[in-house]
Each structure stands twice: as structure tokens, then as C-alpha cells.
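The values are calculated or read from the model by the stated rules, or taken from the named source; none is laboratory data. These numbers were taken from a predicted model, which means no experiment stands behind them. Backbone-built Cβ (ideal geometry, glycine too); neighbour counts: all protein chains shown. When the accessible area is computed, the model is the full protein with side chains, heavy atoms only, and any ligands, DNA or RNA have been set aside. Shrake-Rupley method; radii C 1.70, N 1.55, O 1.52, S 1.80 Å.
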Amino acid sequence: MSQGRGYADLDEIAQRVERLTTLEGKALEAEEIALLGRKSGLITAKLKSLVKLPLEERRTYGAKLNELKVKADSILVHKRTATLGVDALLLRGADLTMPGRRRWIGAEHPVTKVVDEIVDIFRGIGFAVALGPEVETEWYNFLALNFPADHPAMDMHDTLYLDAPPAEGEPAGRLLLRTHTSPVQIRTLMEWPPPVRVVIPGMVYRNDAFDPSHSPAFSQIEGLAVDEGISFVDLKATLIHFAHRFFDPATKTRFRPSFFPFTEPSAEMDVECQLCHGSGCPACKGTGWMEILGCGMVHPAVLENCGVDSERYTGWAFGMGPHRIAMLRYGIPDIRLLLEGDMRFLEAVAGHAGEGE
Ligand code: PHE
């Protein structure tokens, strides 16, 4: 067996492999390429030329060579892993006290939560969900709802009008951003003859200042129930059920007479102030009550405008503001906080639900 060059090479290679443990950085990379590089690495070349050796020599020499290659690989893997370790980081001068990067997990906006909860309570007692467009005509938003043509709410002062004519087939009149969700009462009744029970969530728009208690855009949830023999008692019972489910089973409620062109009689419902529980505080202006919605029996003229026989059918409707209700529930003093998307505020209200890891 020709000892010769083969085995002498192996000693040199073994030494160089051993020396890998002492090398770092660029020197380590260079030696890795010199030994194991795919084109001209020393070990690679030797392995490739094994075929030229006589069988016997190929076996013994090849086995030793392979052992060295495996050893070199394992030294390299070990060194690479070690460079990821804490010691290595410290050696590089990393500041291990620096806070980690935050990963954000989405959380529901408080108003979205309130809307979902309210809608769920009504779904639980047989209401369906209906939606309508935010761009409306004067007819749906005002006239079909029994507003007289010169009603002050139709003034540019309160309503945001669009500078465009209504689409073909729509009733004549100016286009506007709906000022309430009540036009969807009209759309619903025209499409689905009674009996009908729906809740209608959506955004509404008014030409209002953006201040702690007003916003030009806010949400409403409309409710509508029309059937034979529906009375004010049904309205009261349903809304009290809602208040007890949404706030607290012991929450006190009261109804005060009010006025809306599309309901007769009309009322506003108050719930016991959620912050002071009736004893009087700045949030409820010392009254112990907070108004949460307007409601009433659907005006017969509204039913007739939708082609519903007002002799046979009666109904009730309500409209509430989830932005306002979220303010009451979470004790938020300024509506703008609910519309500006400031993460510091949302994170605090969501109880840090938005922060991962
Ligand atoms: N649309 C009324 C408002 O925006 C609320 C309302 C709805 C009142 C339904 C009565 C019935 O103020």
C-alpha cells in the first residue's frame, strides 16, 4: 500500500481542522473556504480525487478524510451557534437591558365592541341586521320621515350636502351625508313588508364642530319593529331589557316625553349614570341620569310613505349613539379620543389587549 502523499496530507489537514477552533471572523471564513470551499477547498478536492486511488487506499484514506470533513463541519456549526449566544452578544457590546421590540396584536376598538354587543342583544330577541348607504337623498333622510320641507335640520348649517345630482331612478332632491340612520327605516319598510324587526348600525354625519361632546361623524344604531298590534309597552319592555343586558340587571331607567317628526308619541330614555350610580356627578351634570336614546311609535304618515297600511300595522323605533354609549361605559370625557385613533389611548382603554409578548 503506498503510504506516501495521502497520509502526510491527512496530518496537515487534521492540524488545520483543529486550528479552526481558534479562528474567528474573517480568518475563520477564509480557512473554511480554503478547506471546504466547493470549487477549490483542499478537503473537497481530495475527496473528488479519491476515485483515482486504488480501491484499498481509497477506503482507508477516504474514511479518514471524511472523518476530518465531519469534524470540520461540526466545529463550524458549533462556532456559528456560539456566536448567537449571550456571551457573544456581550462581547460585541450589545445592551441586553434594552427593551425588546413590541409585536402588536389587533384589538377591537371600544366603539366596535359596543356596537357588536348592542347588535348581539337585539339579535338574541329576534332582530335582523339591516344596512343602508351613507350618501342619501333628502327624501329618505328627511321628507319620507315626515320632516316638513322647511325643517331647520335640513339647513346647510346642520346637514352636509353633496355637490352632485341624485342617481337615475332616485327621488329628486339634493344628495347629502345621512344625518341619522332613520332613512334606513324607510328603505327597510319599502323592501320588506311587515312583520319586520331590524337593528341598523352605521355612521352618520352632521355639520358640527369637533369638540369634547360633538363630532361631524359618529355612529348610530337604529331599531325598528313593525307588526300588527305593537304598542308603546313593547317599546318600553324591549329597551329596558336592552339596558339591563348591556349595563347591569339592576340599572334604573326612565322615559321622558320628547319630539321627533317621524315618531308619535316620542320619548327619550335615560339610564342611571354609570359613573356615580345616581348620586350626581360632573359627567351627568348632577342629575344622576344619562340620556342614551330617542324613540317612539312610528308616525302613521311614515308607514304610509312606505306603502304600509297604518290602520293595520303599528310599530316603534329607536336611535342610539354607540360613541356616546362607549363614553358612558368607559368614562371617556372627550368624544375625540374615540375618533382619532391614538394608540396610547386605545391601548389604555383596551386594557393592553393590543400588546403582544
Ligand atoms: N334619528 C333620531 C336622531 O338622530 C333618533 C331616533 C330614531 C328617534 C328613531 C326616534 C326614533 O336623533
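Take the range 152-171 and flag every residue that is in contact (Cβ under 8 Å) with a residue 12 or more places away in the chain and either in the same structural domain as residue 302 (by TED's automatic domain parsing) or away from the ligand (no atom under 13 Å from the Cβ) (or both). It would help to see each step written out before you state the result.
Quick first cut of the range 152-171, residues in contact (Cβ under 8 Å) with a residue 12 or more places away in the chain only: 153-154, 156-162, 166, 170-171.
Correct list: 154, 156, 157, 160, 161, 162, 166, 170, 171.
Checking residue 213 against (1) small (Gly, Ala, Ser); (2) open to solvent by 60 Å² or more (accessible area, probe 1.4 Å); (3) within 24 Å of residue 130 (Cβ to Cβ), only one condition comes out false. Which one?
(3)
As an exercise: evaluate residue 304 against (1) touching a helix residue (DSSP H, G or I) at 6+ places or on another chain (Cβ under 6 Å); (2) open to solvent by 70 Å² or more (accessible area, probe 1.4 Å); (3) not basic (Lys, Arg) and give the number of the one condition it does not meet.
(1)
For the range 241-259, enumerate the residues that are open to solvent by 50 Å² or more (accessible area, probe 1.4 Å) and either within 11 Å of the ligand (Cβ to nearest atom) or touching a Pro at 6+ places or on another chain (Cβ under 9 Å) (or both).
Passing the criteria: 257, 259.
Is it fair to say residue 227 is within 16 Å of the ligand (Cβ to nearest atom), over 25 Å from residue 338 (Cα atoms), in contact (Cβ under 8 Å) with a residue 40 or more places away in the chain and open to solvent by 20 Å² or more (accessible area, probe 1.4 Å)?
Numbers: within 16 Å of the ligand (Cβ to nearest atom): no; over 25 Å from residue 338 (Cα atoms): yes; in contact (Cβ under 8 Å) with a residue 40 or more places away in the chain: yes; open to solvent by 20 Å² or more (accessible area, probe 1.4 Å): yes.
Taking the combined requirement at face value, the residue does not satisfy it.
Looking at 209, 225, can you tell me which residue is outside any helix (DSSP H, G or I) and either at pLDDT below 95 or on the phi > 0 side of the Ramachandran plot (or both)? Outline the logic, then answer.
Working: 225 fails: either at pLDDT below 95 or on the phi > 0 side of the Ramachandran plot (or both).
Sole residue among the options that is outside any helix (DSSP H, G or I) and either at pLDDT below 95 or on the phi > 0 side of the Ramachandran plot (or both): 209.
Quick one: which residue in 204, 184, 198 is within 16 Å of the ligand (Cβ to nearest atom), farther than 30 Å from residue 228 by Cβ and in the same structural domain as residue 315 (by TED's automatic domain parsing)?
Matching residue, one of 204, 184, 198: 204.
Answer yes or no as to whether residue 295 is away from the ligand (no atom under 13 Å from the Cβ), open to solvent by less than 30 Å² (accessible area, probe 1.4 Å), in the same structural domain as residue 239 (by TED's automatic domain parsing) and in contact (Cβ under 8 Å) with a residue 12 or more places away in the chain.
It is false that residue 295 is away from the ligand (no atom under 13 Å from the Cβ), open to solvent by less than 30 Å² (accessible area, probe 1.4 Å), in the same structural domain as residue 239 (by TED's automatic domain parsing) and in contact (Cβ under 8 Å) with a residue 12 or more places away in the chain.
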